[in-house]
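K.L.:
Have a look at the structure that comes next, please.
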Amino acid sequence: MSTFLAAEWRKLIMAQYAVAPETLTPWLPHGLELDLFQSRCYVSLVGFLFDRVRVKGLPIPFHTRFEEINLRFYVTRTEPDGSRKRGVVFIREFVPRRAIAFIARRFYEEPYTAIATRHSIELKPEALSASYTWKLNNRWHSLAVEAAPTSQPIAPRSEEEFITEHYWGYTKRADGTTSAYEVQHPRWQTYPLTSHSIDADFAALYGPAFAHLNHAQPTSVLLAEGSAVGILNGFRLSPQ
């Protein structure tokens, strides 16, 4: 299957929150199950830099570098041969480019919204800092971390591995079917965090089902370096 979009995902801040599994039922596509880590059901608030974007091998003017902020959760699908594919489903995705959001909604029914976003990434000999901010309903929200400047491998069977090692995206379509697409990238490395800061109104951003996260502390926060990625052409899943 050919590559639809090639890009780099860089400096991914990922904040994990434990939620009740039934919270995610309205967003769970047909044919999928929730993927749990040590019996915990997670959503992740993610901010990252989308860079060097190419669609079908071609850059789109003014759309090759931008921020994305999303809320996602983790799922698994059992194939007819018994193999399992682990992936993610997005609650909502924010980008600053209207054309990106329009195409994603119109043709793929991905929950994109175009709003104002900003980022800051600063590397010094003693520290690395990264932050993402986005504006919705006249309020700025933010996600920021500080870390040691040298990345390190992700430990096998760790929570970091669970969060980063999902290689499929799934979408719940309006007609009740499920779309799937494969995301290809090498295993990432992460930076040891020294601090983090989150200022986000989850109810305003993602709906009343997530209002309780306004007063919750994340279970974990990580900063991944990221890599080049390839997103393959999507397809509809056959009913099981």
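The values are calculated or read from the model by the stated rules, or taken from the named source; none is laboratory data. Given the structure is predicted, the values throughout are model-derived calculations rather than measurements. FYI the Cβ positions are ideal-geometry reconstructions off the backbone, even for glycines, and counts take in every protein chain you see. Heads up: the accessible areas ignore ligands, DNA and RNA and are worked out on the full protein's heavy atoms, side chains in. Shrake-Rupley method; radii C 1.70, N 1.55, O 1.52, S 1.80 Å.
K.L.:
Using a Förster distance of 35 angstrom, determine the FRET efficiency expected from the C-beta separation of Ala20 and Ala148, and round it to 0.05. Please list the in-between numbers first.
P.N.:
Values: r = 34 Å, r/R0 = 0.98.
It comes out at approximately 0.55.
K.L.:
Another question about this same structure. Would you mind putting 156-166, 85-95 in packing order, based on average other-beta-carbon counts within 10 Å, highest first?
P.N.:
85-95, 156-166
K.L.:
How big is the charge dipole of the range 151-209 about its Cα centre, in debye rounded to the nearest 20, if each Lys and Arg gets +1 on its Cβ and each Asp and Glu gets -1 on its Cβ?
P.N.:
160 debye
K.L.:
Same structure again: Once the piece of chain linking Leu34 and Lys56 is laid out straight, how much longer is it, given 0.36 nm per residue of separation minus the C-alpha distance between them?
P.N.:
The Leu34-Lys56 span can extend by a further 4.8 nm.
K.L.:
Still on this model: Quickly estimate the mean residue ellipticity at 222 nm for the chain, helices only: each DSSP H run with n ≥ 4 gives -39500 (n - 2.57), and the total goes over all residues, rounded to 500. Provide the component values of the computation, followed by the final result.
P.N.:
Working: 3 runs with 22 residues, N = 240.
Calculated at 222 nm, the ellipticity per residue is -2500 deg cm²/dmol.
K.L.:
Between the alpha-carbon centers of the range 206-227 and the range 14-63, tell me the distance in whole angstrom.
P.N.:
Going from one Cα centre to the other spans 12 Å.
K.L.:
While we're looking at this one, here's another question. Starting from the Cα coordinates of the range 121-212, work out the convex hull volume and express it per residue in Å³.
P.N.:
About 165 Å³ per residue, rounded to a whole number.
K.L.:
With each label point set 7 Å from Cα along the Cα-Cβ vector, what nm distance links Met1 and Thr64?
P.N.:
Distance between label points: 2.8 nm.
K.L.:
So which aspartates and glutamates pass the test for Lys172, namely a Cα distance under 18 Å, with those fewer than 8 places away in the same chain ruled out?
P.N.:
Here the aspartates and glutamates satisfying the reach criterion relative to Lys172 are Glu22, Glu33, Asp35, Glu79, Glu93, Glu109, Glu110, Glu182.
K.L.:
Taking the solvent-accessible surface of protein heavy atoms with a 1.4 Å probe, what is the per residue accessible area of the range 1-160 in Å²?
P.N.:
The answer is 50 Å² per residue.
K.L.:
Over the range 1-123, consider all pairs of different Cα atoms and compute the Kirkwood hydrodynamic radius from their mean reciprocal separation; express it in Å, one decimal.
P.N.:
16.1 Å
K.L.:
Then there is this: Treating the chain as a set of equal point scatterers at the Cα positions, no solvent, please give the Debye-formula log₁₀ I(q)/I(0) at q = 0.09, 0.12 Å⁻¹.
P.N.:
Each listed q corresponds, in turn, to -0.36, -0.67.
K.L.:
Quick one: which residues, 5+ away or cross-chain, put their amide H under 5 Å from the amide H of Tyr167? H built at 1.01 Å from N.
P.N.:
For Tyr167, the qualifying residues are Arg86.
K.L.:
Next question. Rounded to the nearest 0.05, what FRET efficiency do Tyr167 and Asn138 give with R0 = 41 Å and r taken as the Cβ-Cβ distance? Could you check?
P.N.:
So, using R0 = 41 Å, E works out to roughly 0.65.
K.L.:
Determine one quarter of the surface area of the Cα convex hull of the range 176-224, which equals its mean projected area, and express it in nm² to one decimal.
P.N.:
Computed as one quarter of the Cα hull surface, the answer is 6.0 nm².
K.L.:
Within the chain, what percent of beta bridges assigned by DSSP are antiparallel, to the nearest 5?
P.N.:
Here the share of antiparallel DSSP bridges comes out near 95 percent.
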